[in-house]
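See below for the structure under consideration.
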Amino acid sequence: MAEGSNTCYINTVLLLESKVQLDQDHAKKALLMLLERFPLLRMRVTERSNQPCFEEMENAPQSMDFRRMENVDSENWLHAFEKQINGAPFNTQQGPLWRVSLLRETCDATGQEIVYKNTLLFTFHHVICDALSIFELKKKLVEFLGLLYNGEAIEVKSLPFRPPIERAMQQLTRPRIWERLLIPIVLTFRKLKAYIRTPKLENLYLLTFPPPSGHLVTQKTLAIPRDLSREETMALIRCSKANNCTVHGAITAATHLAMSQILDQQNHVNESKSPFLIDSTYTINVRKECQPKIESEGFGLYVSFAPLQIMVNSSNKVFWEFARACTNEVHRDINAGNHRNTLKLLQCVNVPSFWTLLCYETEHGLSKSLFNLTNLGALSIDQEGKSPYKFAGSYLAVQIAPVGFVMGNNIFTVNDRLYWTVEYSPDIITKSQAEEFVDLSLRILMDACAS
């Protein structure tokens, strides 16, 4: 449990539609069942031997942070979502490490049919879970709501308490002797370079588009939601398969091409020529590498990330060739175990000191990463239709902390529809800049599928 992680919160919105009204007592009961199901929802952070650790709260059910926002309609969820993203910090020593808000139910009447719409907003301390864990929680919530509505008996089984990622991955991330000696030395030189020399902006995007606030200190995080129709999503899956690449590879290609085109267009005045070397990062699920193996329904923080460098020519590139190249590059990176390097590094350094350095580098534009890409892949929620409450959409955003990239992209496909959220700070880039990036990325994908 890294001390620096206490500034990072992960937020999500769950949209539900139904032909029946949502019983708010059922909503609270279902949330209490989640508390019983997932042990980490009952935790607070304490210290033992000067090390942070989890401890179960004595009164977890009574302490659950559940709020009803009767002044905000479900259909106007985005403003409330952004407000929740930038909400008050958690009291980690007291707990709980998550909160949930239920917006006011609305209804649409089309002919004889009435559709009720409900929205739930969640915030989690990132130290207790990752994006896949949150999806499994939402999946279970829809199931519990359906069982409560149908009046069925519910037996809630608590999942076992799993070891944290640093222990579960230890067999693969234990540093060698030479790494324990070399990594601190490299970090020391990195500190000297950062603190002794006058900081010089190195981030390609921020060099091209100076921050509107004039500084690089993030005060606020906002979100831009996008989605594809079922037909568009299935076309993307079908074309990716036909061209021997993954959907993640296609998205990687589209985002890198979009960034290259944006930079090329802006720098054309300055006679700057492509290709561009685009730096980004990507998140990877390490559950299968853990010992013991963590199942997909397991709730916890079991992801790592790795840097990616791709040379992009924005004008002369056959998309699917580039998508295959991106797929192969990510696969090579994973097969080489590069995504484990961060976990190794954290075992060789003083974590608070490293976090301070990371913050300094980010706030002075020394980090070269332009964006992060998190893709959960294909998922499903109650496709059999057992619950009267139907999944109608979901978006996810991490409260931007000094983590070194300009924009975050959180993507998943649920029930054959792709949902994409861009998180950004208005202190660093404008809303129109973030929208340009995601909309161009999606347009590149759809044009490639149509060609």
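The values are calculated or read from the model by the stated rules, or taken from the named source; none is laboratory data. Note that this is a predicted model, so its numbers are computed, not measured. Cβ: placed from backbone, ideal geometry, glycine included. Neighbour counts: every protein chain shown.
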Verdict on Y149 being touching a residue at least 12 places away in the same chain (Cβ under 8 Å), farther than 27 Å from N86 by Cα, surrounded by 13 or more Cβ atoms within 10 Å (Cβ to Cβ) and among the hydroxyl-bearing types (S, T, Y): yes
Any hit, region 386-403, residues being under 26 Å from V312 (Cα atoms), crowded, with 17+ Cβ neighbours inside 10 Å, at pLDDT below 90 and out of contact with any Cys (no Cβ under 7 Å at 6 or more places or on another chain): yes
Selection count where residues are assigned to a strand (DSSP E or B) and either touching a His at 6+ places or on another chain (Cβ under 8 Å) or more than 22 Å from S367 (Cα to Cα) (or both), scope region 394-451: 13
Any hit, region 235-255, residues being at negative phi, assigned to a loop (DSSP other than H, G, I, E, B) and free of Cβ contacts under 8 Å to residues at least 60 places away in the same chain: no
Looking only at region 10-53, and only at residues there that are surrounded by fewer than 19 Cβ atoms within 10 Å (Cβ to Cβ) and among the β-branched types (V, I, T), the one that is farthest from Q93 (Cα to Cα): V20
Of residues in region 108-121 being surrounded by fewer than 22 Cβ atoms within 10 Å (Cβ to Cβ) and in contact with a Ser or Thr (Cβ under 6 Å, 6 or more places away or on another chain), the one nearest to T374 (Cα to Cα): K117
Number of positions in region 310-321 that are part of a helix (DSSP H, G or I) and touching a residue at least 24 places away in the same chain (Cβ under 8 Å): 2
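Condition check ((1) touching a residue at least 40 places away in the same chain (Cβ under 8 Å); (2) farther than 21 Å from Q383 by Cβ) across all residues:
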residue	(1), (2)
V142	yes, no
E155	no, yes
S158	yes, yes
R176	no, yes
R180	yes, yes
T188	no, yes
L204	yes, yes
Residue within region 120-135 that is in contact with a helix residue (DSSP H, G or I) (Cβ under 8 Å, 6 or more places away or on another chain), at pLDDT 95 or above and of a type in the set (S, T, N, Q) present: yes
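Residues checked against (1) closer than 30 Å to L16 by Cα; (2) assigned to a helix (DSSP H, G or I):
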site	(1), (2)
F354	no, yes
L366	no, no
G377	yes, no
I381	yes, no
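So that you can scan it fast, the table gives a plain yes or no per residue for (1) under 18 Å from T123 (Cα atoms); (2) of a type in the set (A, V, I, L, M); (3) in contact with a Lys or Arg (Cβ under 6 Å, 6 or more places away or on another chain):
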| site | (1), (2), (3) |
| --- | --- |
| P39 | yes, no, no |
| T46 | no, no, no |
| E58 | no, no, no |
| M64 | yes, yes, no |
| M69 | yes, yes, no |
| D73 | no, no, yes |
V318 surrounded by 17 or more Cβ atoms within 10 Å (Cβ to Cβ) and either within 29 Å of A242 (Cβ to Cβ) or out of contact with any Pro (no Cβ under 6 Å at 6 or more places or on another chain) (or both): no
Residues being touching a residue at least 24 places away in the same chain (Cβ under 8 Å) and not in a helix (DSSP H, G or I) - total across region 335-352: 4
Unique residue being out of contact with any strand residue (DSSP E or B) (no Cβ under 6 Å at 6 or more places or on another chain), modelled with pLDDT of 95 or more, surrounded by fewer than 18 Cβ atoms within 10 Å (Cβ to Cβ) and in a helix (DSSP H, G or I) when the list is R324, R332: R332
Criterion (in contact (Cβ under 8 Å) with a residue 60 or more places away in the chain and either over 22 Å from F161 (Cα atoms) or in contact with an Asp or Glu (Cβ under 6 Å, 6 or more places away or on another chain) (or both)) met by exactly one of E82, E70: E82
Residue in region 31-42 that is free of Cβ contacts under 8 Å to residues at least 60 places away in the same chain, more than 21 Å from the chain's Cα centre (by Cα) and not in a helix (DSSP H, G or I) present: no
Conditions (1) closer than 16 Å to A131 by Cβ; (2) crowded, with 21+ Cβ neighbours inside 10 Å; number of the one not met by L379: (2)
Test for F90: is it assigned to a loop (DSSP other than H, G, I, E, B), touching a Leu at 6+ places or on another chain (Cβ under 9 Å), touching a residue at least 24 places away in the same chain (Cβ under 8 Å) and among the aromatic types (F, W, Y): yes
